[in-house]
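Working notes, structure below.
Read-outs throughout are calculated quantities, based only on the coordinates presented, and are distinct from any laboratory measurement. Not measured: the values here are computed from a predicted model. Cβ placement follows ideal geometry from the backbone for every residue including glycine, while neighbour counts extend to all protein chains displayed.
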Amino acid sequence: MDFNKVIAVLGALDEYEVRYILVGGVAVNLHGLGRTTQDLDLFLETDADNIRRLRQALASVFDDPSIDEISAEDLAGKYPTVRYVPPEEAFVIDLLGRLGEAFAFDDLEATDMQVEGVRVRVATPATLYRMKKDTLRPIDRMDADALRRKFELEED
């Protein structure tokens, strides 16, 4: 994953005032727990204006007309995840409107971090733990355990 390109995306999200929260492996890494990942997971507020700003932010980084296909309706719909694959990049961007009935944007706690001079809105360790502890993916359960131990989080 090209970290400079990830920073460019996160910087554009800040510049265009996109309401998002970084979750997933990159968020785990920013909290000091190293692990490899090939995707950038962004939890988004799904109103039309925010998704319009998201498209603008992505278009400022990637010359890709398919960005225009990302819609608020999809992110607020029955299957509220859109996988965007930037052209000629070695990573994907997963755009999440909610995770089933378990998590919506307003359910997530986040904190601001400065990364390479860019303000990044990152899910808190406790939020990441709650999101990952009960999934079926072994990597998520490993992340949850590492977060619990590092941040002395209580098991539910």
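Observations on the structure shown:
- Restricting segment 54-105 to GluC sites (Glu not before Pro) in coil, as DSSP defines it, with at most 14 other Cβ within 10 Å: Glu88, Glu101
- Annotation note: chymotrypsin sites (Phe, Trp or Tyr not before Pro) in segment 1-54 located in DSSP loop regions with a Cβ neighbour count of at most 10 within 10 Å are absent.
- Summarising the label geometry, the points placed 7 Å from Cα in the beta-carbon direction at Ser71 and Glu109 lie 3.7 nm from one another.
- Mean sequence separation of contacting Cα pairs (under 8 Å, at least six apart), scaled by the length of segment 22-103, corresponds to a relative contact order of 30 percent.
- Relative contact order of the chain, taken over Cα pairs closer than 8 Å and 6 or more residues apart, is 24 percent.
- Local net charge near Gln38, Cβ-Cβ under 13 Å (Lys/Arg +1, Asp/Glu -1): -2
- Taking every alpha-carbon pair under 8 Å whose residues sit at least 6 apart, segment 105-151 reaches a relative contact order of 27 percent.
- DSSP-assigned coil residues among GluC sites (Glu not before Pro) in segment 13-47, each with at most 12 further Cβ atoms within 10 Å: Glu17
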